[in-house]
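Take a look at the structure set out below.
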Amino acid sequence: MQEKIIILDFGSQTTQLIGRRVRELDTYCEIVPYNKFPKGDESVKGVILSGSPFSVYDESAFKVDLSEIRGKYPILGICYGAQFMVYGLGGTIGKANENAAAEFGRTECEFDTECAVFDGLKKNSVVWMSHNDYIEVLPDGFKAVGHSDKCPYAAIENVEKGFYATQFHPEVNHTEQGFDMLGNFLYKVCH
């Protein structure tokens, strides 16, 4: 049985790029619509939640109940995927304002290299941000493992539950060490 990663597509323009990066890391993956998780597939070793053009507060945003996969697989949320994870677990997503501005483009971040996703990487790195919303309040059990000047929760984790999330896009070339971050999720978290 071939092990695989499932990428739930919430409509991001970079979902195919996430899949490409995972394959470049010698890992089989399948991209499926956000609401088509392959239940009962024992070959699934982890899940990635893609970004989206929506806000979690949009009526037309793609939403799905993730309770059946939470705690069963390690999950990495990217951008909207991170916000959707937080929102679904009782955290708060804020809108950009004068106190917490939107971030677009190259952004300097600092990481906690004790986190498995950032293990062995440089503590400071440039990442690619593209968000109007931001994680304002974390759900219980989560902690910050990355921040920028404007984004206190650029990366978060809940090790006990196997949840990891980045507000930035590790799949794009503009994110320094992004390839290694994804590799760490695949090999150090999903094994």
Name the residue that is nearest to residue 57 (Cα to Cα), counting only residues in region 137-157 that are in a strand (DSSP E or B) and touching a helix residue (DSSP H, G or I) at 6+ places or on another chain (Cβ under 9 Å). 137
Determine whether region 108-130 contains at least one residue that is open to solvent by 20 Å² or more (accessible area, probe 1.4 Å), closer than 25 Å to residue 34 by Cα and of a type outside the set (S, T, N, Q). yes
Hand me the list of strands (runs of 3 or more DSSP E) wholly inside region 1-94 holding 1 or more residues that are open to solvent by less than 10 Å² (accessible area, probe 1.4 Å). 4-9, 44-49, 75-78
Tabulated pairs, region 79-98, first closer than 11 Å to residue 57 by Cβ, second open to solvent by 40 Å² or more (accessible area, probe 1.4 Å) and among the acidic types (Asp, Glu), C-beta under 7 angstrom, 6+ apart or interchain: 92/136; 93/136; 94/136
Out of the residues in region 148-170 that are among the small types (Gly, Ala, Ser) and at pLDDT 95 or above, which is nearest to the chain's Cα centre (by Cα)? 165
Of the residues in region 95-124, those that are modelled with pLDDT under 85 and either part of a loop (DSSP other than H, G, I, E, B) or among the acidic types (Asp, Glu) (or both) come to 96, 97, 98, 99, 100, 101, 102, 103
Selection from region 125-145 of residues at pLDDT below 95 and of a type outside the set (A, V, I, L, M, F, W, C) yields 125, 130, 131, 132, 133, 134, 136
Restricting the first residue to region 149-177 and requiring it to be of a type in the set (Gly, Ala, Ser), which pairs with a second residue that is open to solvent by 60 Å² or more (accessible area, probe 1.4 Å) and at pLDDT 90 or above meet a Cβ separation below 6 Å and a spacing of at least six or different chains? 154/147
When region 168-182 is checked residue by residue, the ones that are over 13 Å from residue 154 (Cβ atoms), open to solvent by less than 10 Å² (accessible area, probe 1.4 Å) and in a loop (DSSP other than H, G, I, E, B) are 171
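The values are calculated or read from the model by the stated rules, or taken from the named source; none is laboratory data. Quick caveat: nothing in here was measured; it's all calculated off a predicted structure. We place every Cβ from the backbone using ideal geometry, glycine too, and count neighbours over all the protein chains shown. Calculation scope for accessible area: heavy atoms of the full protein, side chains included, ligands and nucleic acids excluded. Shrake-Rupley method; radii C 1.70, N 1.55, O 1.52, S 1.80 Å.
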